[in-house]
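Read-outs throughout are calculated quantities, based only on the coordinates presented, and are distinct from any laboratory measurement. The shown structure was predicted, so the numbers you read here are calculated from the model rather than taken from an experiment. So basically every Cβ, Gly included, is an ideal-geometry build from the backbone, and we count neighbours across all protein chains shown.
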Amino acid sequence: MGTQRDAMVRGELYKDSDPDLIAERKACQRILDEFNATGADEDDRRRDLLTGLLGGFGESSWIMPRFQCDYGSLIRIGSNSFLNYDAILLDCAPITIGDDVSIGPRVQLLTALHPMDDHEARRQRWESAAPISIGDNVWLGGGVIVCPGVTIGENSV
């Protein structure tokens, strides 16, 4: 059967209230608390924290604080990409960001899905997730919301 995390990553229904998932989100939040509290002159510390948290963090890429995500490990960012202030990446499924991507302030990449027709499943906090993929050389302006399962092709604005 596998774990709730396995089901989550496969895009199947899972319980977000699973103790292992809660522990993983809390561990991520502790790292983000430290990252978001860094000073303007702590570039090396910021990079170290993100490199340890994310599933992949390309050379010359950068994320500005405040940054929020659920797990971190399901996020892969290519090289020379930039995420501006207040990015929210709900990585219940993989989020892939290509090379040379610019993401404006307060952009949200949201992979979580909730049962639409099964009210009891929603009440019991079952959910699923679908991946987001952003190709190379993409620009997402400030405030953009990318929904679960979306692929944005290269050179898109």
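Would you tally the net charge around residue 60, using a Cβ to Cβ cut-off of less than 13 Å, leaving residue 60 out, and scoring K and R as +1, D and E as -1?
Values: positive: 47; negative: 43, 59, 99, 100.
In short, -3.
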(message) As a test, work out the antiparallel percent of DSSP beta bridges whose residues both lie in the chain, rounded to the nearest 5.
(response) 15
(request) Taking the chain as the reference, fit the longest principal axis to its C-alpha atoms, fit the long axis of helix 19-36 to the helix C-alpha atoms, and give the angle between the two in degrees, 0 to 90, nearest 10. (result) 20
(request) Specify the angular offset, from 0 to 90 degrees and rounded to the nearest 10, of the alpha carbon long axis of helix 43-53 from the longest principal axis of the alpha carbons in the chain. (result) 20
(request) Determine, from the Cβ-Cβ distance of residue 37 and residue 145 and an R0 of 35 Å, the FRET efficiency 1/(1 + (r/R0)^6), rounded to the nearest 0.05. (result) 0.85
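Within 10 Å, count the other beta carbons around each residue, average over each peptide in 11-20, 103-112, 35-44, 134-143, and list them highest first.
103-112, 134-143, 11-20, 35-44
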(request) At 7 Å along the Cα-to-beta-carbon direction for both residue 66 and residue 25, put a label point, then send me their distance in nm to one decimal. (result) 1.7
(request) Go through (1) 10, 41, 38, 10, 1; (2) 9, 25, 20, 11, 7, 7, 6, 6, 5, 3, 1, 0; (3) 11, 40, 33, 14, 1 and flag the label whose value is the computed P(r) over Cα pairs in 10 Å bins from 0, in percent for this structure. (result) (3)
